[in-house]
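J.: First the structure, which I've put down as structure tokens, then a few questions once you've had a look.
Read-outs throughout are calculated quantities, based only on the coordinates presented, and are distinct from any laboratory measurement. Predicted, not measured: the structure shown is a model, and the values here were computed from it. For neighbour counting, all protein chains shown are included, and Cβ atoms are generated from backbone atoms with ideal geometry for every residue, glycine included.
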Amino acid sequence: MSHVGVHCIMELYGCPLELLDDHAFIQRSLKDAAEKAGATWLGQASHRFEPQGVTALGLLAESHITVHTWPELGYAAADCFTCGDHTIAEEACRHLARQLRAERSEIVRIPRALGLKPAEVEGVDPVEAHMCSHTVEVEQFAMGQG
């Protein structure tokens, strides 16, 4: 099935407290991760919480990248959503895991807009619509059915 992009959700555990609470470091790491993914950086918003923690969002031409930190737990949650074939959301997540020196991490990869039907994409130029050219299979189910 056609899809518009990939959304990676990442859990990072065992990160050093000082990195997770360093506002400037988080901002730089987010931008570096987006560039590693081949994404186009448009801008960012971020906030450092008291007594600790940082939330940062990078706006990308292809969508977004975020990180949210809990220094007291050594934990960060991140996500990266990119559209098109020229970006690799997984690479952004791997870069963040290395930058934040995570002892362990988990990434869930979600192709987006998998429910598009052939009639809905008929006549649409995938390049112009920033869609992915490769296809993936999806299992459809309805609640209450095995």
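J.: How long are the three semi-axes of the equivalent ellipsoid for the stretch 5-121, computed from the Cα gyration tensor as the root of 5 times each eigenvalue, in whole Å, largest first?
T.: 26, 14, 12
J.: Build a GNM of the chain with springs between Cα atoms under 10 Å: which of ALA45, ALA34, ALA56 gets the top mean-square fluctuation?
T.: Highest fluctuation of the listed residues: ALA45.
J.: If you take the charge dipole of the stretch 5-121 about its Cα centre, with +1 on Lys and Arg Cβ and -1 on Asp and Glu Cβ, which of GLY115, LEU17, PRO71 is farthest toward its positive end?
T.: Of the candidates, GLY115 comes out farthest on the positive side.
J.: On C-alpha positions alone, give me the angle between the axis of helix 89-99 and the longest principal axis of the chain, in degrees, nearest 10.
T.: The angle comes out at about 10 degrees.
J.: With loop defined by DSSP as not H, G, I, E or B, and exposure as at most 15 other Cβ atoms within 10 Å, which is the longest segment of the chain clear of exposed chymotrypsin sites (Phe, Trp or Tyr not before Pro)?
T.: 50-140
J.: Also, I was wondering about something else. Once label points are set 7 Å from the Cα along Cα→Cβ at both ALA61 and ARG109, what is their separation, rounded to one decimal in nm?
T.: 2.4 nm
J.: Another question, if that's okay. Of the candidates ILE88, ILE26, ILE107, which one comes out as most mobile in a Gaussian network treatment of the chain with C-alpha springs shorter than 10 Å?
T.: ILE107
J.: List the GluC sites (Glu not before Pro) in the stretch 1-100 that DSSP assigns to loop (not H, G, I, E or B) and whose Cβ has at most 14 other Cβ atoms within 10 Å. Which are they?
T.: Hits after loop and neighbour filter: nothing returned.
J.: How big is the dipole moment of the chain about its Cα centre under a simple scheme where the beta carbon of each Lys and Arg is +1, that of each Asp and Glu is -1, and everything else is neutral? Debye, nearest 20, please. Before the final figure, lay out the partial values.
T.: Values: 11 positive and 21 negative charges, 47 e Å.
In total the dipole reaches around 220 debye.
J.: ARG104: net charge of surrounding residues, Cβ under 14 Å, Lys/Arg +1, Asp/Glu -1, itself excluded?
T.: Spelling it out: positives minus negatives among the neighbours equals 0.
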